[in-house]
Amino acid sequence: MPTDPDRPRPRLLVAGDVGSVADYHVGDDAMLFGLLAAAERAGIDADWTVVSASPQSAAARFGHPSTAPFGFQDCPDEASRAAMLAELDSLAVTAPGPGQRLRQLMSGATALVIAGGGNLSQSWPALVYERVALSRLARRLGVPMALTGQSIGPRFGAEVRPLVVELLDAAVAVGVREKWSYALAQLLGVPGERLVLGNDDAAALCSEASPADAALGTGDAGDLRPPFLAVTLNDLGDGALSAIAVQLAEHSHLTGAGVVLVPHAGDLGGAPLQDVAAAHRVAAAFDARLAELGSDRTAVVVPLPSASQAIEYCRRAELVISSRYHPVVFAGSCQTPMLFLHQDAYTAMKGIGALSHYGMADWRLSVENAVAGRLLPAATELWGQRRHLAAQLPTDAGEQASVRLGALLAGLVDGELAPGGQPIRPQWSEPKLPDFIELSEAELGAALSERSALRQQAEQAERYALSLQEQAERHEPYVRSLLRRAEIAEQYAASLLDRAETAEQHAAALETRLGQSRR
């Protein structure tokens with residue numbers, strides 16, 4: 001996008017679930033880094049402000065000013081969230097109260113971007129309220145808003161569903177990152193011209209061969225020499241982690257591949273929490289099983305990585321195995337085959353959607369099946385096919401993601417994306433929303449085809465109604481003339497009756513006079 005010297009520098013507000021030190025998440029950072037990188041590659045020279053629950057940390061990580069959100073995370077229940085949203089609706093931009101600084105920043109913003117994520121569901125009501133409050137403020141101030149790289153649903157609940165519909169309605173563009181979210185957005189009434197289906201925003205980070213801050217030293221991280229598997233697991237419980245670790249050890253014994261455990265969530269302050277704690281438990285069980293098999297090899301647990309470092313681990317690995325979503329995005333964009341372990345409908349929707357972007361949708365297991373012993377044969381098969389599969393993975397996934405995201409942001413900044421017209425009307429109610437994870441491709445296509453056919457029938461009925469109205473309007477002058485002629489005829493008939501009555505009276509008078517003369 002060429003720079004116009006006479007045009008004021010755009011001021012963009014971007015909201016992401018980023019910035020926390022104690023609850024750091026690689027994927028959340030990666031999505032925002034990917035969005036900023038795509039904007040830079042698209043030539044968007046803007047002043048960014050990051051909305052983050054940890055402004056100081058976010059400003060340091062992303063290199064842009066940051067401000068706190070409204071604070072819905074402090075609301076204990078639905079009633080308090082609804083009350084806070086109503087309060088924000090009534091506050092002037094400069095009035096004291098929740099999010100005063102954020103409200104002031106919005107008044108001078110060129111546009112609002114709600115960055116990629118999977119929080120538009122019933123699991124994170126506070127985050128949904130934050131985004132709706134932002135969109136309402138933006139709409140009140142005439143600031144356009146776009147959503148990028150979203151997963152939607154798959155379930156909402158009575159509290160969240162109308163808020164998600166409202167948010168989708170307010171957006172000039174809705175970027176989604178998998179086909180199920182695209183289909184669900186359609187069923188929730190979003191018109192196709194406002195929907196953009198693409199990869200996760202973080203994929204845009206993978207368009208460079210090796211990011212500048214991705215240097216991986218060995219040090220305390222251990223031996224990173226290839227070949228190795230990059231493995232990311234959240235806390236699935238001691239039994240599940242042990243069963244997975246034993247199978248990873250047996251795979252390592254069979255193939256000679258090392259295992260590097262790459263945590264994606266934890267405390268940057270150093271406490272071994274979340275994925276970090278899980279990684280150490282897996283490493284202990286892995287090492288014990290390999291020792292039983294007569295090997296002195298040990299698993300490597302790396303420190304919590306930056307987004308670029310996490311990508312580099314995936315780039316160097318022979319395979320990626322993960323129960324987290326973003327390692328799948330990174331691996332596919334780096335041409336590294338991957339196996340995804342899904343835990344429920346929500347993680348399956350995201351993970352299988354990501355696999356589908358790379359043509360690897362079949363390479364997934366439920367955690368239940370993996371724990372039951374199917375991980376080892378699946379990983380062994382994947383290992384045997386890894387060269388072939390890697391050659392089949394797209395070479396430009398990151399570049400395509402960057403171009404698509406950059407084009408959306410450029411259209412937003414340039415004012416080329418128009419807000420919606422009529423409010424969107426959900427096509428299906430919550431109880432009728434299909435579980436897309438359980439649908440086959442054919443069934444999903446049939447569901448969307450049925451919806452399309454119903455919409456076409458509705459459009460045909462509307463066109464027929466309009467044609468009848470047009471015919472009525474065309475015939476209205478003739479009908480009016482007929483009514484006028486009928487009115488004139490009625491008046492003439494009345495006058496004839498009056499004349500007949502007068503004539504009858506005259507004839508009666510003549511008859512009376514004639515009778516008198518005869519006497």
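The values are calculated or read from the model by the stated rules, or taken from the named source; none is laboratory data. Model, not experiment: these values are computed from the prediction. Note that each Cβ is placed from the backbone with ideal geometry, even for glycine, and that neighbours are counted across all protein chains shown.
A Cβ distance below 8 Å, combined with a sequence gap of six or more or placement on separate chains, defines the contacts here; from region 91-108, residues that are without any contact (Cβ under 8 Å) to a residue 12 or more places away in the chain reach residues that are in a loop (DSSP other than H, G, I, E, B) and of a type outside the set (A, V, I, L, M) in the pairs Q100/T94; Q104/T94.
Is it true that S135 is surrounded by fewer than 24 Cβ atoms within 10 Å (Cβ to Cβ), of a type in the set (S, T, Y), under 18 Å from the mean Cα position of the chain (by Cα) and at pLDDT 95 or above? Yes, satisfied. Is region 414-432 home to any residue that is at pLDDT 70 or above and in contact with a strand residue (DSSP E or B) (Cβ under 7 Å, 6 or more places away or on another chain)? Yes; the residues of region 414-432 include at least one that is at pLDDT 70 or above and in contact with a strand residue (DSSP E or B) (Cβ under 7 Å, 6 or more places away or on another chain). Does A126 count as assigned to a helix (DSSP H, G or I), within 27 Å of P76 (Cβ to Cβ) and either under 13 Å from the mean Cα position of the chain (by Cα) or not aromatic (F, W, Y) (or both)? Judged against the criteria, A126 is a match.
Can you find even one residue in region 68-75 that is of a type in the set (D, E, K, R), surrounded by 13 or more Cβ atoms within 10 Å (Cβ to Cβ) and not assigned by TED's automatic domain parsing to the domain that holds Q309?
Step one: list which residues in region 68-75 are of a type in the set (D, E, K, R), which gives 74.
Imposing the further condition that a residue be surrounded by 13 or more Cβ atoms within 10 Å (Cβ to Cβ) reduces the set to none.
No.
Of the strands (runs of 3 or more DSSP E) lying entirely inside region 177-291, those carrying at least 3 residues that are at pLDDT below 95 and either closer than 30 Å to G411 by Cβ or of a type in the set (D, E, K, R) (or both) are 195-197.
Okay, residues lined up against (1) within 30 Å of W180 (Cβ to Cβ); (2) touching a Pro at 6+ places or on another chain (Cβ under 7 Å); (3) modelled with pLDDT of 75 or more; (4) of a type outside the set (D, E):
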position	(1), (2), (3), (4)
S440	yes, no, no, yes
A447	yes, yes, no, yes
L454	yes, no, no, yes
E476	no, no, yes, no
A493	no, no, yes, yes
A500	no, no, yes, yes
E504	no, no, yes, no
S517	no, no, no, yes
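Do you know which residues across region 140-160 are in contact with a Ser or Thr (Cβ under 9 Å, 6 or more places away or on another chain) and under 13 Å from S121 (Cβ atoms)? Residues satisfying the conditions are Q150, S151, I152, G153, P154, R155, F156, G157, V160.
Considering region 292-330, and only residues there that are of a type in the set (V, I, T) and part of a loop (DSSP other than H, G, I, E, B), the residue that is farthest from A348 (Cα to Cα) turns out to be T298.
Any residue in region 314-336 that is of a type in the set (S, T, N, Q), buried (at least 23 other Cβ atoms within 10 Å of the Cβ) and either modelled with pLDDT under 95 or in contact with a Pro (Cβ under 9 Å, 6 or more places away or on another chain) (or both)? There is at least one residue in region 314-336 that is of a type in the set (S, T, N, Q), buried (at least 23 other Cβ atoms within 10 Å of the Cβ) and either modelled with pLDDT under 95 or in contact with a Pro (Cβ under 9 Å, 6 or more places away or on another chain) (or both).
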